[in-house]
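What follows is a single structure, written as structure tokens, with notes after it.
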């Protein structure tokens, strides 16, 4: 008997739009990970998330200057460090992506679910033709 996987057989998508303006990084990561994992929704659709204005994300306290992101290039002595502010100026999408992927389970499904997130620096996105649910300070349990 063959195993039938949910993600391969399902062709319908449910789209969500999340705006990062004046949002905390951790709160945004929790909301998107629960939506991606379909924790509070009982539907047969694959969820896809569009995240806009990633350059306007916020963190609490002194994390803007003290939070450090590490990158290792597999060469001796090439451990690269970036602070939150430097990485926000370079590529703010990486900050949000790293936070969301850190909230997902550490199994094979993490790679599949991480492909369903689309990031944009500004409010311009190309997915206007889909039926998109906008999430503005809503509780995830009520979606």
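The values are calculated or read from the model by the stated rules, or taken from the named source; none is laboratory data. Owing to the predicted nature of the structure, the values given are computational and were not obtained by experimental measurement. Every residue, glycine among them, receives a Cβ derived from its backbone with ideal geometry; neighbour counts consider all protein chains shown.
Of the residues that sit in the range 30-72 and are in contact with a strand residue (DSSP E or B) (Cβ under 7 Å, 6 or more places away or on another chain), part of a loop (DSSP other than H, G, I, E, B) and more than 16 Å from residue 99 (Cα to Cα), which one is modelled with the highest pLDDT? Across the range 30-72, the extreme among qualifying residues is 38.
Considering each of 51, 57 in turn, give the residue that is in contact (Cβ under 8 Å) with a residue 60 or more places away in the chain and either under 30 Å from residue 13 (Cβ atoms) or loosely packed, with under 10 Cβ neighbours inside 10 Å (or both). Being in contact (Cβ under 8 Å) with a residue 60 or more places away in the chain and either under 30 Å from residue 13 (Cβ atoms) or loosely packed, with under 10 Cβ neighbours inside 10 Å (or both) holds for just one of 51, 57, which is 51.
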